[in-house]
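Take a look at the structure below.
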Amino acid sequence: MPSILVLNGPNLNLLGTRQPEVYGSVTLEMVEQSCAAHGKTLGYEVECLQSNHEGVMIDAIHAAKGRHQGIVLNAGAYTHTSIALMDALISVEVPAVEVHLSNIHAREPFRHSSFIAKAALGQICGFGAQGYLLALDALAAHLKEAGKA
Ligand code: DQA
């Protein structure tokens with residue numbers, strides 16, 4: 001079965017207890033379980049990884065080449081700082097959809113810019129945990145259209 005990597009970055013392991021008024025009360029485990037279930041309905045196996053370390057995330061993106069058809073990425077705060085994650089995505093040429101639980105454009109100005117967006121097919125933000133499922137839908141539709149599904 002083709003597969004998609006759902007990659008979460010720093011502090012997203014704290015979902016459920018971290019600023020629930022901003023990020024909701026759903027835990028990362030629940031997000032990952034619903035991604036796996038939704039992925040299956042789309043015909044994809046979903047592998048999930050969360051790391052608080054930029055280098056581990058870069059290694060995961062490198063390892064995705066030839067192994068996963070696409071990536072759903074919430075890079076957390078690295079979104080706004082990491083040229084290295086952007087370069088990794090551009091280097092491996094694995095299609096990626098950027099996700100944020102919160103609407104980063106309605107928050108502090110430093111959250112309005114995204115290095116990930118420069119390397120992603122598109123960005124989904126502001127829909128809470130539902131955003132991951134929308135990202136899987138978008139990725140599956142893109143892969144089908146590109147003849148890669
Ligand atoms: C986030 C938004 C980022 O600005 C923040 O640093 C996060 C979470 C989101 O999912 O809304 O850690 O990526």
**Message:** Which residue, 15, 64, 90, has the largest displacement toward the positive end of the dipole of region 15-107 when charges sit on each Cβ (Lys, Arg +1; Asp, Glu -1)?
**Reply:** 15
**Message:** Give me the mean projected area, in nm² to one decimal, of the convex hull enclosing the Cα positions of the chain.
**Reply:** 7.7
**Item:** Value at 222 nm in deg cm²/dmol, rounded to 500, when DSSP H runs of n ≥ 4 in the chain each add -39,500 (n - 2.57)
**Value:** -11500 deg cm²/dmol
**Asked** Straight-line reach from residue 144: which lysines have Cα under 21 Å away, leaving out those fewer than 8 places along the same chain?
**Response** 40, 65
**Request:** Sort out for me the Cα centre separation of region 74-126 from region 1-36, rounded to whole Å.
**Result:** 16
**Fill in**
For residue 46, the residues 5 or more places away or on another chain with a placed amide H closer than 5 Å to its own amide H are 4
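No lab work stands behind these numbers, since they all come straight from the coordinates. If you're wondering where the values come from, they're calculated on a predicted model, not measured in any experiment. Every residue, glycine among them, receives a Cβ derived from its backbone with ideal geometry; neighbour counts consider all protein chains shown.
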